[in-house]
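Here the structure comes first, spelled out in structure tokens, and everything after it is commentary.
Rule-based calculations on the coordinates, nothing more; no lab input. The model shown is predicted, which means the values in this text are computed figures rather than measured ones. Please note: Cβ atoms are built from the backbone with ideal geometry, for glycine as well, and neighbour counts cover all protein chains shown.
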């Protein structure tokens, strides 16, 4: 009887020790738990940091874009006014280029020249520049508009024959190209010239 009770007590002690060992095994190491929390906190901080820098970059890009738009608005604020003024400038240009015969007409012309120069100075101060090609200049499709063509030869083919109206630029922006007449060699003549040129090149070779 006593042996049975001793065995029972021994079994209970073993069960208690086993339970305690299992509890110790299941319980996490405090240092390890803190390290895991710290790691999660660092990952979360890194994620928020990236989001912050992305948002900051977007804000900076938006600010730069708005500043650029504002600068352009100030830089080209007179564009509409200049476009409305072009017909009057063309009228001045034609009138001042017309020949005068009487002294009275010359006096009027001098007054118009003075007024025109004042207008030109005001436009120049706003960043306006003229495009005024001369006869014999090479045609430039970026600043000129060919409104008519006239028969030409190999010497003047593709060159300006006559200027109808000036062109204008506002800073780097083209407001209106110069309207010109251009020399153009006839197709048959051009083909003949090309053949001569090819023949000369072959003889040189």
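Quick notes on this structure:
- Here the stretch 121-162 is described by how far its Cα atoms reach on the three principal axes: 42, 16, 14 Å, from widest to narrowest.
- Convex hull volume per residue, computed on the Cα atoms of the stretch 78-126, equals 58 Å³.
- Subtracting the Cα-Cα distance of residue 108 and residue 66 from their residue separation scaled by 0.36 nm leaves 10.3 nm.
- Note on residue 41 and residue 90: their simple-model spin labels are 7.6 nm apart, each label 7 Å out from Cα toward Cβ.
- On full extension, the segment bounded by residue 115 and residue 101 gains 3.0 nm, given 0.36 nm per residue less the C-alpha separation.
- Pair residue 57, residue 147: separation of 7 Å Cα→Cβ label points (nm): 5.1
- Shown is the FRET efficiency for residue 122 and residue 73, computed with R0 = 25 Å from the Cβ-Cβ distance and rounded to the nearest 0.05: 0.80.
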